[in-house]
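Enquirer: Below: one structure in structure tokens.
The values are calculated or read from the model by the stated rules, or taken from the named source; none is laboratory data. Computed from a prediction, not measured in an experiment: that's the story for all the values here. Cβ: placed from backbone, ideal geometry, glycine included. Neighbour counts: every protein chain shown.
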Amino acid sequence: MPISDQSLLLHAYRRGFFPMAKGREESEIYWVAPDRRGIIPLDNFHIPHSLRKFLKHSGFHYSINQAFETVLSSCAAPRAKQPDSWINPAIAALYRDLWQRGFAHSVEVWQGAVGEQLVGGLYGVAMGAAFFGESMFSRQTNASKAALVELVRHMNERGFRLLDAQFYTPHLGQFGAQEIDQADYLVLLDDALAHDARFV
């Protein structure tokens with residue numbers, strides 16, 4: 001089913017769906033609602049010891065919504081192990097519009113001062129007390145992991161209740177990510193949407 005506008009996209013998130021394209025050059029967008037859903041519990045977020053040690057001396061600095069367009073395009077760009085992308089131009093346009101409307105947000109990781117060298121980041125959508133993580137990228141060792149750590153810190157500070165990771169992966173598992181049934185996810189989603197939290 002094609003997506004026609006941002007309002008429909010927000011409605012889909014509230015119902016447990018998210019959009020994907022089969023490839024960067026594919027024009028059609030599909031709704032996805034996996035039977036098993038990946039989430040990252042905010043109250044049981046685990047930072048591996050080696051990463052914690054690395055971040056302490058990394059020189060990384062962080063910002064919110066300072067380079068959304070660059071983060072989005074970097075997430076969609078070809079990678080060595082993932083030459084294609086599910087972020088096609090239509091999806092990218094939708095998230096730009098959501099950012100302008102205050103629903104989509106980015107976390108940026110900089111080497112040195114904010115605004116100097118962007119080395120990693122992530123973006124997603126916030127509604128109620130839920131954040132729907134969409135994609136992340138890294139140009140330097142551990143930069144995308146650092147973005148996730150900063151995201152969780154920011155969400156906990158602002159009273160969020162649900163971090164949707166869409167799919168469970170072993171990479172996310174090291175942070176405490178879990179895979180739950182979609183029905184259980186929808187219960188958590190309804191609870192999070194019933195609460196109010198401001199991302200910025």
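Enquirer: If HIS61 meets every condition in (1) at pLDDT below 95; (2) part of a strand (DSSP E or B); (3) of a type outside the set (A, V, I, L, M); (4) over 15 Å from the mean Cα position of the chain (by Cα) apart from one, which number is that one?
Expert: (1)
Enquirer: Please pick out the residue among SER106, SER85 that is over 21 Å from GLU157 (Cα atoms) and hydroxyl-bearing (Ser, Thr, Tyr).
Expert: SER85
Enquirer: Looking only at residues in segment 107-126 that are modelled with pLDDT of 95 or more and either among the acidic types (Asp, Glu) or surrounded by fewer than 20 Cβ atoms within 10 Å (Cβ to Cβ) (or both), which one is farthest from HIS61 (Cα to Cα)?
Expert: It comes out as GLN117.
Enquirer: Let me ask something else. Of all residues in segment 28-45, how many are touching a Phe, Trp or Tyr at 6+ places or on another chain (Cβ under 8 Å) and surrounded by 15 or more Cβ atoms within 10 Å (Cβ to Cβ)?
Expert: 8
Enquirer: Hey, among ALA90, ALA104, ALA129, which residue is crowded, with 18+ Cβ neighbours inside 10 Å, of a type outside the set (Lys, Arg) and closer than 16 Å to PRO19 by Cβ?
Expert: Checking each option against the conditions leaves just ALA104.
Enquirer: Identify all residues within segment 11-24 that are farther than 13 Å from ALA92 by Cβ and either more than 18 Å from the chain's Cα centre (by Cα) or not aromatic (Phe, Trp, Tyr) (or both); write none if there are none.
Expert: Passing the criteria: HIS11, ALA12, ARG14, ARG15, GLY16, LYS22, GLY23.
Enquirer: Restricting the search to segment 95-127, which residues are of a type in the set (A, V, I, L, M) and within 20 Å of VAL200 (Cα to Cα)?
Expert: LEU98, ALA104, VAL107, VAL109, VAL114, LEU122, VAL125, ALA126, MET127
Enquirer: Moving on. Can you tell me which of ALA67, ALA12 is surrounded by 16 or more Cβ atoms within 10 Å (Cβ to Cβ), more than 21 Å from GLY176 (Cβ to Cβ) and without any contact (Cβ under 8 Å) to a residue 40 or more places away in the chain?
Expert: After applying the criteria, what remains is ALA12.
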